[in-house]
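Enquirer: Before I ask anything, let me first share the structure, which is written out below as structure tokens.
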Amino acid sequence: MPFLNRRTEPVPASLLPALRSHIWFASCPPAMQEGLLERGRLVSLKAGETLFAQGDDHPGLCCVVAGALKVGSLNPRDGTHRLSLYLEPYQWLGEIALIDRKPRSQDAVADTDATVLMIPQAVLEPWLDAHPHYWRDMARLACGKLRLMLMAAEDTATMPIEQQLARRLVFAATSYGHAVQPTLRRRLRLPQEYLARMMGVSRQTINKALKSLAADRIIAVHYAEIEILDARALATQAGQFDAALWSGLEDSDGGRA
């Protein structure tokens, strides 16, 4: 469904403080922050509804402000769905298509009822061209995503599945290091199927790795959800990672719940 035909509403100025909880948005000049909100609309999605599909040529910059989005694509060899990102408030997407002007490379589907801030490229690009120094901020957003992708690729090539899983849980629990004030989320909506698709392994493999962590009382596995019981032990399993992520773990109670 084209953006203009969706259920939309203006963006209230009261959303600005919440958006500033994301380290990229908070680091942008205040005039840029306000300009993005002025040009955006809030899009309402029902669970299972598509925000945009692979191949769409009407891109825009987006930010999840409520609910969650699954971002991925179909494997052309066997038709299975690959899950690249699971985005919750206040994570951004769409900056790559904005920069290279190419069609969407993946689908974005609401996993739950969701609200998304969307700034159409037709509105955003002329404004950025009139303020060319803001393009660097867009490039910083894309580079942050690229760093995460490269880290995930390196993890896959060099680490056992148990360590990869521990790192994914640390990343998800600390908002991938993107929060201005890092905190630990102890309960994560990450069904085993989603983890398997994100990591490119079978559900049975993920189930076995989760059971190993659960047996050591590091996590507890619930229906469609994982609870972190021992943040320090999970960090030990994950190995070295960015200091911003560790800060989120340090701000937890550091031990068992």
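The values are calculated or read from the model by the stated rules, or taken from the named source; none is laboratory data. None of these values were measured; they are calculated from a predicted model. As a convention, Cβ positions derive from the backbone with ideal geometry for all residues, glycine included, and neighbour counts pool all protein chains shown. Please note that ligands, DNA and RNA were not included when accessible areas were found on the heavy atoms of the full protein model with its side chains. Shrake-Rupley method; radii C 1.70, N 1.55, O 1.52, S 1.80 Å.
Enquirer: Got a number for residues in segment 27-54 being among the aliphatic types (A, V, I, L, M), crowded, with 16+ Cβ neighbours inside 10 Å and assigned to a helix (DSSP H, G or I)? Before the answer, list the steps.
Expert: Restricting attention to segment 27-54, the residues satisfying the condition of being among the aliphatic types (A, V, I, L, M) are 31-32, 36-37, 42-43, 45, 47, 51, 53.
Right, trim to crowded, with 16+ Cβ neighbours inside 10 Å and you get 32, 36-37, 42-43, 45, 51.
Subset that is assigned to a helix (DSSP H, G or I): 32, 36-37.
Qualifying residue count for the region: 3.
Enquirer: Considering only segment 209-231, I want to know if a residue exists there that is under 30 Å from G60 (Cβ atoms), out of contact with any Leu (no Cβ under 8 Å at 6 or more places or on another chain) and touching a residue at least 40 places away in the same chain (Cβ under 8 Å).
Expert: Scanning segment 209-231, I find no residue that is under 30 Å from G60 (Cβ atoms), out of contact with any Leu (no Cβ under 8 Å at 6 or more places or on another chain) and touching a residue at least 40 places away in the same chain (Cβ under 8 Å), so the answer is no.
Enquirer: Please count how many residues of segment 110-126 are open to solvent by less than 60 Å² (accessible area, probe 1.4 Å) and among the charged types (D, E, K, R). So that I can check it myself, show each step before the final result.
Expert: The first filter runs over segment 110-126 and keeps only residues open to solvent by less than 60 Å² (accessible area, probe 1.4 Å), leaving 110-112, 114-121, 124-125.
Adding the requirement that they be among the charged types (D, E, K, R) leaves 111, 125.
Selection size over segment 110-126: 2.
Enquirer: Test each condition in (1) touching a residue at least 60 places away in the same chain (Cβ under 8 Å); (2) within 26 Å of N207 (Cβ to Cβ) for T158 and report the one that comes out false.
Expert: Just one mismatch for T158, condition (1).
Enquirer: Sticking with this one: Please report, ordered by residue number, the helices (runs of 4 or more DSSP H) entirely within segment 132-205 with at least 3 residues that are hydrophobic (A, V, I, L, M, F, W, C) and open to solvent by 20 Å² or more (accessible area, probe 1.4 Å). Don't jump to the end; show me each part of the working.
Expert: Details: elements: 134-158, 161-173, 192-199.
It comes to 134-158.
Enquirer: Those residues that are farther than 12 Å from L87 by Cα and either at pLDDT 95 or above or of a type in the set (K, R) (or both), I need them from segment 105-114; list them, please.
Expert: D113
Enquirer: What's the number of the only condition in (1) modelled with pLDDT of 90 or more; (2) within 21 Å of the chain's Cα centre (by Cα) that L229 fails to meet?
Expert: Failed condition: (2).
Enquirer: Okay, moving on. Would you confirm, using the coordinates I've provided, whether L249 is surrounded by 20 or more Cβ atoms within 10 Å (Cβ to Cβ), in a helix (DSSP H, G or I) and modelled with pLDDT of 95 or more? Quick ask: steps written out before the conclusion?
Expert: Details: surrounded by 20 or more Cβ atoms within 10 Å (Cβ to Cβ): yes; in a helix (DSSP H, G or I): yes; modelled with pLDDT of 95 or more: no.
In short, no.
Enquirer: I've got another one for you. Quick check, is D129 surrounded by fewer than 14 Cβ atoms within 10 Å (Cβ to Cβ) and of a type in the set (D, E)?
Expert: Working: surrounded by fewer than 14 Cβ atoms within 10 Å (Cβ to Cβ): yes; of a type in the set (D, E): yes.
Yes; evaluated as a whole, the condition is true for this residue.
Enquirer: Any residue in segment 55-72 that is under 21 Å from M198 (Cβ atoms) and open to solvent by 20 Å² or more (accessible area, probe 1.4 Å) sitting within a Cβ distance under 6 Å of a residue that is part of a loop (DSSP other than H, G, I, E, B) and β-branched (V, I, T)? List the pairs, counting only those 6 or more apart or interchain.
Expert: As it stands, the answer is G67/T112, since those pairs meet every condition given.
Enquirer: Still on this structure, I have one more. Looking at segment 206-227, which of the residues that are assigned to a loop (DSSP other than H, G, I, E, B) and open to solvent by 50 Å² or more (accessible area, probe 1.4 Å) is nearest to R189 (Cα to Cα)? Please lay out each step first, then the result.
Expert: Quick first cut of segment 206-227, residues assigned to a loop (DSSP other than H, G, I, E, B) only: 216-218, 223-224.
From what's left, open to solvent by 50 Å² or more (accessible area, probe 1.4 Å): 216-217, 223.
Working: D216: 21, R217: 19, Y223: 9 Å.
That would be Y223.
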